[in-house]
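Derivation of every value follows stated rules applied to the coordinates shown; laboratory data play no part. As the structure is a computational prediction, the values presented were derived from the model and not from experiment. No Cβ is skipped: glycine too gets one built from the backbone with ideal geometry, and neighbour counts run over all protein chains shown.
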Amino acid sequence: MFIFLVFILFIAISTFFLVQKKYTKATLFMLLMGFSYLIVVSCIIIYMSKDAYYYYNLGKYFGIKQGLQNQLMFLPISRMNLIRLMNLFTMVFLYTGLCSAIYFAFDVQMKRKLVLLAALAVPCLLQVMVYDPSFYAHLYFRLYPDVVSSQSFISAYETLHSITFVLNSLYIAAGCVLLIYALYDAPKVRQIRSNIIMILISYISVQVTYYYINYWAPDVLVKVSKAAHFIRFKPINLVGNPSIYILLPYIAGFCLLVSLYSIYKYTRIQNSIKNQESVISKNIDSALLTSRVFSHYMKNELLAIMAQSEFIEGMCEQSPEVVEEIRVIEQRCRKVYDRLDAVHQKTLKSKIELAPVVLNELLEKLLREMELELKHTQIQYTPPNRQLVIMADPYYFSQAIENLISNAMDALEFVPEKSRLITMEIIVKNKWVELVIADNGAGIAEEHVSHIFQPFYSSKPTATNWGMGLSICLTMISAHGGKINAESKLGESSSFHIIMPLLSMAKN
């Protein structure tokens, strides 16, 4: 009785998942696997209820009371159809179990996924056809006795059953191995790994209980006689202690409920990451759209100026001094054009790819990449003795930090080379991590500090500084769920403080 209650509960919860769209493809396959398991076990119980061999023993195996067994016996479904359902959903169970593990373990390209899923489905479909009782009987009537003897035909099917038994066992083993790999390959984030562990445990438990109760499936479960032209149904071969079978529905039900809970938690984390990616994409797209339009417009204007300068240069060949001045204008235009082109290229990436990022490793990599630019500046940075993990897009977050370091270098323009200093410090505060980037430059006037994050605002407007860098930094950091602020005193120093949510930390 318990298995039917679990069946109803599982369907209700699965329907909730589907209606609320709280699933991924991997979790959808996992739900189908659980649904198939319950269908198979239900069909086994109904089949045994209709079999006189188990009439007085069914209660020992599944705790089914006599009254319920009598009701199941008279259900309007034939044993032939029950065998078909058992075989079909056995293969669905094996197929969806392996597919869910594949989707958990790998991020395969769409075309390859379709080819792989189709290849895995072929053996399953063939088994459903070959083990269909009607197909078996029809094949026997066609081949016996002209082509094969009765014993040879039965032996051939027994050999085929041994082969498919090994193949189906490989499906189960491959699914378990892939989920173990998914756990090994998962980000070192406690919330994600703990949910994958629960999914792995429940997956293996369901597979073990399936293997114990349904190791023989799929099978034809019939004997045929051409002479008498009849089909006799065989009993299901249950092995082991009957009391173990009584526990199996409880074990399977518990594992399926744990699996559902784990799937729900895992899907919430996945959806949260996707939603955050979407928010970041929208915010960054809106922030960078102005930069793209502005860069495109200015590049066109500069090209027009350069073309006009070239034309005027041809008209002034008799005046070397004028030609020289025109060439200076052209060089400056080319320099500004190249800078605009670099800005434009940096704004082309719009797809956000959030991932757990070790902050100290990202900073060390960025400093190595900027080593040439920083060769005349002293960098004071002491890496923390712990790995600090944040959720970020490495490209955009690195670009924000690079903008701040470049801004600090600009502030050191009039400081003697030997005295130029940029300090970087990481401070952990509860569940937040603070990155401080400071310089010993000229500082910013108090009336300018509150405006420096506004687009196109700059306290030092030049041909290459239009006040977009800090505005883009603010947008990127805010979109990642972080905060940024500035502190400065004119004539002394400036410091920028980035505060980000801390995902986890571990010792180096």
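Of F89, F165, how do they rank once you tally other Cβ atoms within 10 Å and put the fewest first?
Lowest to highest Cβ neighbour count: F165, F89.
Check each of the trypsin sites (Lys or Arg not before Pro) in the stretch 353-416 and keep only those in coil by DSSP with at most 14 other C-beta atoms within 10 angstrom; list them in order.
Answer in residue order: K375.
So how far apart, in nm, are the two label points at E373 and L183 if each is 7 Å from Cα heading toward Cβ?
4.4
For Y381, Y140, Y203, which order do you get if you count the other beta carbons within 10 Å of each Cβ and list the fewest first?
Lowest to highest Cβ neighbour count: Y381, Y140, Y203.
Once the dipole of the stretch 353-508 is set up with Lys and Arg at +1 and Asp and Glu at -1 on Cβ about the Cα centre, which of S406, M391, S419 lies farthest towards its positive end?
Farthest along the dipole direction, towards plus: M391.
With 23 Å as the limit, write out which pairs from K50/K234; K265/K365; K375/K431; K429/K483 have Cα-Cα distances beyond it, or answer none.
K265/K365; K375/K431
Taking the number of other C-beta atoms within 10 Å as the exposure measure, put D393, D132 in order starting with the fewest.
Taking fewest neighbouring Cβ atoms as first place, the list is D132, D393.
Need one number: convex hull volume per residue for the stretch 353-508, Cα atoms only, in Å³.
114
Under the classification rounded if a/c is under 1.5, otherwise prolate if a/b is larger than b/c and oblate if not, where does the stretch 35-166 fall, given a ≥ b ≥ c as square roots of the Cα gyration tensor eigenvalues?
Cα axes put the stretch 35-166 in the oblate bin.
Taking a label point 7 Å from the Cα of E158 along the Cα→Cβ vector, which residues of the stretch 223-240 have an amide N closer than 17 Å to it?
It comes to 223-224, 234-235, 237, nothing else.
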